[in-house]
Amino acid sequence: MTTQSAQPDLLYSEEEEALRAAVRDLLADHCDPADVIARTESGAPHDREAWKALAEGMGLAGLLVPEALGGQGATHREAAVVLEELGRAVAPVPYLTSAVVATEALLACDAGDLLAELASGRRIGALAVALNIAPGGAHRTVRVEGGSLHGELTGIADAAAADVLLVPAEDGGLYAVDADAVTVTAQVSLDLTRPVAKVVLDGADARRIGDAAPAVRRALRAGAGLLASEQLGLAEWSLTETVRYLKERKQFNRPVGGFQALKHRLAQLWLETVHTRAAARNAADALAGGSADADVAVALAQAYAAPVAVHAAEEALQLHAGIGMTWEHPVHLYLKRAKADSIAYGTAGSHREALAALVDLQAP
């Protein structure tokens, strides 16, 4: 496990680099861009085989779960490394929603059996809170009548892949509901690799597992903080692939990347990506150590990472010229994921407002 020092440790340990290499190799075998594109067109975007390899084969679904509860006993730092690689591959797996957000909600409750199942990868969980809700933000709840749940929730990420939904109710409780007991209907989503859905509960049997308010806040904070690492992976792929392409493409018998105007754009993008890495690592380190400044670190990371990921993907699309506009090239997957991520767990603007309040720097 990673230890927390007085100063944030933004460097990657040898173990984290080894984890990165293992995840990248696995994703190279399972998430080829052409296969991801084909999967988004199939109506079944989630890659079950990749998820099984990550969750069961490598045990990554239980990184945040203590060993006593069947997990790996790792920290948010290791989970952040996994998310960087998942972002780099724009992998269509429910890691963020199940292994991070749903798992963090369960860690705040008395639900050791569910935690063990999610940690093993045998079941996939989803917190039934709309993807756009920021930590501490208002969210919809359902009614409790005679021990059953009634209501409708929209914008639930990866609900179609979930085996169990964690549903906040009007009575202040968080309830575990089997996916078979609800109706899940796909909604139109820009990002086809992380689909959202409407969940309808019509007398669904449920089990109260804890109080919703602290569990939801904890889950959304971890989701927002570690989403920055996914956005870092998106930005790094966009930058790396754009540099590679501009070195190969020639105009006037010289590589396009040699033109000064493009060099300046790439240099600016590199700076933004490096700064995003620092912000994302700081958030992961703060979450891992339970820092008192974790809220500040998470708000800062999201306020910075979201626009950088979008900018990097936009630059990649434009600088790939005509080929970047084709459906066969994967850059559109990264732009769509970056745009969807920019409103996930709160917009950059909402996080800037939260950050201003946290550091007592109110707008004039």
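Observations on the model:
- Every listed requirement among (1) crowded, with 18+ Cβ neighbours inside 10 Å; (2) within 20 Å of Ile343 (Cα to Cα) is met by Leu246 save one, (2).
- Within the option set Leu246, Leu239, Leu266, being more than 28 Å from His351 (Cβ to Cβ) and either assigned to a helix (DSSP H, G or I) or not β-branched (Val, Ile, Thr) (or both) holds for one residue only, Leu246.
- Listed by position, the helices (runs of 4 or more DSSP H) contained in the stretch 1-107 that have at least 2 residues being small (Gly, Ala, Ser) are 14-30, 33-40, 76-88.
- For the stretch 66-84, taking the residues that are surrounded by fewer than 24 Cβ atoms within 10 Å (Cβ to Cβ) and under 20 Å from Leu227 (Cα atoms), the one that is farthest from the chain's Cα centre (by Cα) is identified as Thr75.
- If you check Glu272, Glu314 for being modelled with pLDDT of 95 or more and more than 23 Å from Ala356 (Cα to Cα), only one passes: Glu314.
- Of the residues examined, Ala134 is one that is open to solvent by 20 Å² or more (accessible area, probe 1.4 Å) and not in a helix (DSSP H, G or I).
- Test: residue in the stretch 253-276 that is without any contact (Cβ under 8 Å) to a residue 40 or more places away in the chain, in contact with a Phe, Trp or Tyr (Cβ under 8 Å, 6 or more places away or on another chain), open to solvent by 50 Å² or more (accessible area, probe 1.4 Å) and under 16 Å from Ala128 (Cα atoms): no
- Which listed residue, of Val216, Val200, is surrounded by fewer than 18 Cβ atoms within 10 Å (Cβ to Cβ) and over 30 Å from His329 (Cβ atoms): Val200
- The stretch 71-82 residues that are hydrophobic (A, V, I, L, M, F, W, C), paired with ones that are surrounded by fewer than 22 Cβ atoms within 10 Å (Cβ to Cβ) and in a loop (DSSP other than H, G, I, E, B) (beta carbon under 6 Å, 6 or more apart): none
- Members of the stretch 177-196 that are out of contact with any helix residue (DSSP H, G or I) (no Cβ under 8 Å at 6 or more places or on another chain), in contact (Cβ under 8 Å) with a residue 24 or more places away in the chain and open to solvent by 50 Å² or more (accessible area, probe 1.4 Å): Asp178, Gln187
- For the stretch 98-119, the criterion of being among the polar types (S, T, N, Q) and open to solvent by 10 Å² or more (accessible area, probe 1.4 Å) is satisfied by no residue at all.
- Restricting the stretch 284-303 to residues that are free of Cβ contacts under 8 Å to residues at least 60 places away in the same chain and surrounded by fewer than 21 Cβ atoms within 10 Å (Cβ to Cβ), the residue that is farthest from Leu246 (Cα to Cα): Ala292
- Residue list for the stretch 108-131, filter: farther than 21 Å from Val196 by Cβ, assigned to a loop (DSSP other than H, G, I, E, B) and not acidic (Asp, Glu): Ala108, Cys109, Ala111, Gly121, Arg122
- Inter-residue pairs, beta-carbon under 8 Å, first under 21 Å from Ala301 (Cα atoms) and in the stretch 126-152, second open to solvent by 40 Å² or more (accessible area, probe 1.4 Å) and hydrophobic (A, V, I, L, M, F, W, C), 6+ apart: Leu131/Ile343; Asn132/Ile343; Ala134/Ala354; Pro135/Ala354; Gly136/Ala354
- In the stretch 330-361, the qualifying residues are those that are open to solvent by 30 Å² or more (accessible area, probe 1.4 Å) and part of a loop (DSSP other than H, G, I, E, B), and the one that is nearest to Ala128 (Cα to Cα) is Ile343.
- Complete set of residues in the stretch 149-170 that are surrounded by fewer than 19 Cβ atoms within 10 Å (Cβ to Cβ) and either β-branched (Val, Ile, Thr) or at pLDDT below 95 (or both): Thr154
- When restricted to residues that are within 21 Å of Gly210 (Cα to Cα) and in a strand (DSSP E or B), the stretch 152-185 contains 15.
The values are calculated or read from the model by the stated rules, or taken from the named source; none is laboratory data. What you see is a predicted model; the values in this text were computed from it and never measured. Positions of Cβ are generated from backbone atoms using ideal geometry, with glycine treated the same way; all protein chains shown enter the neighbour counts. All accessible areas refer to the heavy atoms of the entire protein, side chains included, with ligands and DNA or RNA removed. Shrake-Rupley method; radii C 1.70, N 1.55, O 1.52, S 1.80 Å.
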